[in-house]
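The values are calculated or read from the model by the stated rules, or taken from the named source; none is laboratory data. These figures come from a predicted structure and were not determined experimentally. Note that we place each Cβ from the backbone using ideal geometry, even for glycine, and neighbour counts take in every protein chain shown. Accessible surface areas use protein heavy atoms only, side chains included; no ligands, DNA or RNA. Shrake-Rupley method; radii C 1.70, N 1.55, O 1.52, S 1.80 Å.
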Amino acid sequence: MSDIDYSSLPPSDRTELGRRCQRLIGALAAVTDDPHGVTRLYLSPAHKRATGLVADWMRTAGLTASIDALGTVRGHLDAASGPGAKRLLIGSHIDTVVNAGRYDGVLGVVAGILAVDELRRRRVALPFAIDVLAFGDEEGVRFPTTLASSSAIAGRLPPGALDLCDARKVSLREALVGFGLDPAQISAAAYDPAEVLGYLEVHIEQGPVLEHERLPLGIVTSIAGQTRLKATVLGEAGHAGTAPMNLRRDALAAAAEIMVMIETIGRAGAADSLVATVGQLSVSPGAVNVVPARVDFTLDVRAASDPPRLAALAEIRARSREIADRRHVGFVMEAYHESPTTPCSPRLAAAFAAGVERLGLTPRRLTSGAGHDGHAVHHLTEVGMLFVRCRGGISHNPMEYAEPEDMALAVEALIGAIEALAASIPAA
Ligand code: GLV
Ligand code: MN
Ligand code: MN
């Protein structure tokens, strides 16, 4: 239990809420494994320090903090109505991409903590408990898996995930143990669906729609499906001075043709919000005077609905095969993560809409092109998401920025959504 005396704490006004968001987000941005930017990969030393900081913030906000077997920090607030009440989950992630912005994920965790703090300052008694969750593996940058921590709370961590290794050959199991966690406790991280009321997440939009329409907040209707794949092109090493061009089996030249083809397919699917990205490439043996023998690359394909994404994947596979055959190189491509398009809950969208309207704002509905923990949490409970305008729609970039005023509005809209849900629960 928290030892905070809320009877003497005044509510915060909007300016103060914005300042508090900015201050906490700034503090977490300083927790990085790269002194030149924000890089906080899952189960890294920076992630470890971040979990400690977030747990401290949770305790300061009157939540009871703990950490589960996958490294998710959980802050619990009891229901005013006593034991046996359901739990509302509120969360986002504190891991980042490499050289990240400071708002992606972190804003949702900070908003959840500040919303609870504010509800207590305002003496709001809730008929449900709240768990604020700070997930650790939303980005899926370190291990060839993604959403491990949010999958665990839904009881759906894929079998075999613990044996997956990062680039340094450290397995997820070893990394969890090194972090001080016990992989044997993973099943205990899962919630019982019967005890959960829903999941709310605040997140920066990571796109330009809200800014374009001069709106600070938007309500998400669905989260785009995504497939992540690993591909390997196998050619033959040769002497850069003596191997004639027409006799080479150059894995990198073949991969380059495949990548341009992928980009062309992505561009052609604009009407379906199709996007296809090769984000990582490794060339072997990787010497200036050796014809490349092997290329490994990653592929990430997304669209607003599943059929165009699946059609694009089929076309990419078929045309990659043609290119590989014509160039006499081997080609294999394997999907390692697949999230179908995830619908958001109309009930939770209505709760967010009540929170947004209470602020005198338009409850603009929009889809999410980015992936979120909601993909995994959706298997446990209904998901609601609120987007916050971010400058230029820029994300996964140190330039990422959200205005303190917009973040304060998001915290207020989250409080409004919580109160709307509380009002919808019949008195016992
Ligand atoms: C996460 O940010 C993703 O959409 O890849
Ligand atoms: Mn995110
Ligand atoms: Mn991200």
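The residue of the stretch 242-286 that is farthest from residue 300 (Cα to Cα), among those that are open to solvent by 50 Å² or more (accessible area, probe 1.4 Å) and touching a Ser or Thr at 6+ places or on another chain (Cβ under 6 Å), is 280.
Are any of the residues in the stretch 312-322 of a type in the set (D, E, K, R), closer than 30 Å to residue 344 by Cα and surrounded by fewer than 17 Cβ atoms within 10 Å (Cβ to Cβ)?
Taking the stretch 312-322 and keeping what is of a type in the set (D, E, K, R), we get 315, 317, 319, 321-322.
The next check asks that each one be closer than 30 Å to residue 344 by Cα; those that pass are 315.
From what's left, surrounded by fewer than 17 Cβ atoms within 10 Å (Cβ to Cβ): 315.
Looking through the stretch 312-322, at least one residue is of a type in the set (D, E, K, R), closer than 30 Å to residue 344 by Cα and surrounded by fewer than 17 Cβ atoms within 10 Å (Cβ to Cβ).
When residue 107 is evaluated against the numbered criteria (1) open to solvent by 10 Å² or more (accessible area, probe 1.4 Å); (2) under 17 Å from residue 201 (Cβ atoms); (3) within 16 Å of ligand 1 (Cβ to nearest atom); (4) of a type outside the set (Ser, Thr, Tyr), which criterion, by number, is the only one it fails? Result: residue 107 passes all but (1). Just one of the numbered conditions (1) assigned to a strand (DSSP E or B); (2) surrounded by fewer than 23 Cβ atoms within 10 Å (Cβ to Cβ) is not true of residue 59: (1).
Candidates in the stretch 73-94 are the residues that are over 22 Å from residue 60 (Cβ atoms) and not hydrophobic (A, V, I, L, M, F, W, C); of these, the one that is nearest to ligand 2 (Cβ to nearest atom) is 86. For the stretch 287-297, does any single residue satisfy the condition of being open to solvent by 60 Å² or more (accessible area, probe 1.4 Å), within 16 Å of ligand 1 (Cβ to nearest atom), of a type in the set (S, T, N, Q) and under 30 Å from residue 247 (Cβ atoms)? There is no residue in the stretch 287-297 that is open to solvent by 60 Å² or more (accessible area, probe 1.4 Å), within 16 Å of ligand 1 (Cβ to nearest atom), of a type in the set (S, T, N, Q) and under 30 Å from residue 247 (Cβ atoms). Residues in the stretch 327-382 that are within 16 Å of ligand 1 (Cβ to nearest atom), within 17 Å of residue 301 (Cα to Cα), open to solvent by less than 30 Å² (accessible area, probe 1.4 Å) and of a type outside the set (Gly, Ala, Ser): 337, 342, 372, 375. Contact map, the stretch 141-160: residues that are open to solvent by 40 Å² or more (accessible area, probe 1.4 Å) paired with residues that are assigned to a loop (DSSP other than H, G, I, E, B), Cβ distance under 6 Å, separation 6+ or inter-chain. Pairs shown: 141/41; 141/97; 142/41; 142/42; 142/166; 155/190; 156/379.
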